[in-house]
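The values are calculated or read from the model by the stated rules, or taken from the named source; none is laboratory data. Note that this is a predicted model, so its numbers are computed, not measured. Every residue, glycine among them, receives a Cβ derived from its backbone with ideal geometry; neighbour counts consider all protein chains shown.
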Amino acid sequence: MIRTRFAPSPTGNLHIGSLRTALFNFLLAKHEEGSFLLRIEDTDRIRSKKEFTEDIIESLKWAGLMPDEMPIFQSQRLNIYKSYAEKLIAEGKAYRCYCTKERLDKTKEEQKKRGERPHYDGHCRNIKQILDKPFVVRIKLPQEDIVFEDILRGEISFRYSEFDDFIIMKSDGSSMYNFANVIDDSEMGITHVVRGDDHLTNTARQIVLYRLLNLKVPQFIHIPLIMGEDKTRLSKRHGAKSVLEYRDEGYMKEALINYLSRLGWSYGDKEIFSLKELVKYFDIKHLHLSSAIFNPGKLLWLNEYYLRTLPSEKIYAYSKPFIERLFLKENIKQEFNEVYVKKAMDTVRIRTQTLKTLAHDMLFYFKPPQDYEEKGVRKYCKKETLHSLEELYQNLKDLENFNIESIKDVFDKIIKKYDLKLIKIAQPVRIALTGKTISPGVLEMLEILGKDVSLPRIKRLIDYIKAWNEQN
Ligand code: GLU
């Protein structure tokens, strides 16, 4: 049975690149009905922070990539790593190194002068007795080349001379990343490791450790890192944000997951995938080695796509916190009427980009426009418009059933009578209702806003045009 894991270090907020790694591990396991696990690699006491662990867990939860078992925290397993290190020492495969920083620096300096690659010179390899001094634990690097298989890349080999007797336990008794990583992957029964190709040399060190510890080596898949459009490693400079920042900006998990899945993986020409479909179609064979370029426009495009196409109920649930925030910000006291908000939302979501802009685009449904778009007024609210607009106002006022059909009849009548193009009368009404020249359909807005809200807004624009024309 396949068991994968996501093993972030809580030294920063969860970045979208890491979410992609989590996603691929998740999909690989779920495609085979296996398990996906989470391990928090918090052995670095200085850089690891509780708030980052919380950020990681919240991000995974939001994205729908929850682990199947309780997360493992490396900081709670220090004794385990220690006992493995002691075993290696007892077997003569590792040793305590008492070298001071000064000595190490000096050796490296001398090596550099001789034109050698700086490396540990094995000074403490043969010290048998335990000294009363601080020490680190180093492995005795076997003098044989390091070879392993990567599912995507085939055989990978490193010359042992590229490495030295590397440290597995620090002087404060904590484990180095590679050591804890190997022990935990083994104890957690991990069968496949998907991670960024920046870890290739770590994998080489880990292969040495698997051999020394006599542990079964998992299968590795090193994926190319995500790059910015300028082909440098993805960072904030490219507009890439943390997962929760995307959430708070109004991106939906459907869009982010869909987007990330296609960075380094494909399934024919298919572009749109739900998480369920990804689980169904995900196959390691379709991962590719070309570097994945981050394209914020494509992500936004997917977000727009999901805003238009997900069920209304879902978009409502997602957008509610954003609308509530808007109410607070705009000091809107109106009661939150679910039926009304849903109707309003459905007219706006087909032409907006994020949940945040969705809420913002809905503002006129709760608050009359504060001002009118000047260009629109100049173009559409001329003196000649007044007659038809006033007559439209009067006719709407007389309507008993203020619904789309009867509103449309009124518009048709005015258009005919004044021989107008629809835009000539629709734009002034649009400006009256929203202050803008782009908005949902005028007829549906009128119906949703209702007579009591719409009419005073139209009247206000009529008065405004009159006053404006007098002045100009
Ligand atoms: N803690 C490591 C990282 O965040 C884990 C790498 C791995 O997947 O083994 O890069």
| Among the residues of the range 392-412, is there at least one that is among the hydroxyl-bearing types (Ser, Thr, Tyr), surrounded by 15 or more Cβ atoms within 10 Å (Cβ to Cβ), under 22 Å from Gly435 (Cα atoms) and under 34 Å from the mean Cα position of the chain (by Cα)? | no
| said: So, in the range 214-228, how many residues would count as being crowded, with 19+ Cβ neighbours inside 10 Å and farther than 19 Å from Gly154 by Cα? | reply: 1
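Determine which member of the set Tyr340, Tyr380 is in contact with a Pro (Cβ under 7 Å, 6 or more places away or on another chain) and aromatic (Phe, Trp, Tyr). Outline the logic, then answer.
Numbers: Tyr340 fails: in contact with a Pro (Cβ under 7 Å, 6 or more places away or on another chain).
From the options Tyr340, Tyr380, the qualifying one is Tyr380.
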| Among the listed residues Arg47, Arg96, which satisfies the condition of being in contact (Cβ under 8 Å) with a residue 40 or more places away in the chain and among the charged types (D, E, K, R)? | Arg96
| message | Checking the structure you have, find out if any residue of the range 121-142 is in contact (Cβ under 8 Å) with a residue 40 or more places away in the chain and among the aromatic types (Phe, Trp, Tyr). | response | no
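State the number of residues belonging to the range 182-191 that are buried (at least 21 other Cβ atoms within 10 Å of the Cβ) and either part of a helix (DSSP H, G or I) or more than 11 Å from the ligand (Cβ to nearest atom) (or both). Working first, answer last.
Kept after step one, since they are buried (at least 21 other Cβ atoms within 10 Å of the Cβ), are these residues of the range 182-191: 182-185, 190.
Now restrict to residues that are either part of a helix (DSSP H, G or I) or more than 11 Å from the ligand (Cβ to nearest atom) (or both): 182-185.
Total satisfying the criteria: 4.
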| Any chance Arg39 is in contact with a Ser or Thr (Cβ under 7 Å, 6 or more places away or on another chain) and either more than 18 Å from Ser171 (Cα to Cα) or surrounded by fewer than 15 Cβ atoms within 10 Å (Cβ to Cβ) (or both) | no
| query | Of all residues in the range 233-260, which are surrounded by 22 or more Cβ atoms within 10 Å (Cβ to Cβ) and part of a helix (DSSP H, G or I)? | reply | Val243, Tyr246, Glu254, Ala255, Leu256, Ile257, Asn258, Tyr259, Leu260
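Which of the residues that make up the range 196-214 are in contact (Cβ under 8 Å) with a residue 40 or more places away in the chain and either more than 14 Å from the ligand (Cβ to nearest atom) or touching a helix residue (DSSP H, G or I) at 6+ places or on another chain (Cβ under 6 Å) (or both)? Show your work before the answer.
Here is the first cut: in the range 196-214, the residues in contact (Cβ under 8 Å) with a residue 40 or more places away in the chain are 196, 200-201, 203-205, 207-209, 211-213.
Across the range 196-214, the qualifying residues are Arg205, Val208, Leu209, Arg211, Leu212, Leu213.
Counting only residues that are within 16 Å of the ligand (Cβ to nearest atom) and either of a type in the set (D, E, K, R) or farther than 17 Å from Lys133 by Cα (or both), which one in the range 171-180 is surrounded by the fewest Cβ atoms within 10 Å (Cβ to Cβ)?
Within the range 171-180, the subset within 16 Å of the ligand (Cβ to nearest atom) is 174-180.
Remaining after also requiring either of a type in the set (D, E, K, R) or farther than 17 Å from Lys133 by Cα (or both): 175-180.
Details: Ser175: 27, Met176: 21, Tyr177: 18, Asn178: 21, Phe179: 27, Ala180: 25.
Per the criteria, the residue is Tyr177.
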| message | Within the range 41-81, take every residue that is at pLDDT below 95 and among the β-branched types (Val, Ile, Thr) and give me the one that is farthest from Phe179 (Cα to Cα). | response | Ile46
| query | Among the helices (runs of 4 or more DSSP H) contained in the range 1-110, which hold 3 or more residues that are within 16 Å of the ligand (Cβ to nearest atom) and under 30 Å from His286 (Cβ atoms)? | reply | 16-31, 50-63
| task | May I ask you to list the residues in the range 122-167 that are aliphatic (A, V, I, L, M) and either assigned to a strand (DSSP E or B) or under 35 Å from the mean Cα position of the chain (by Cα) (or both)? | result | Val136, Val137, Ile139, Ile146, Val147, Ile151, Leu152, Ile156, Ile167
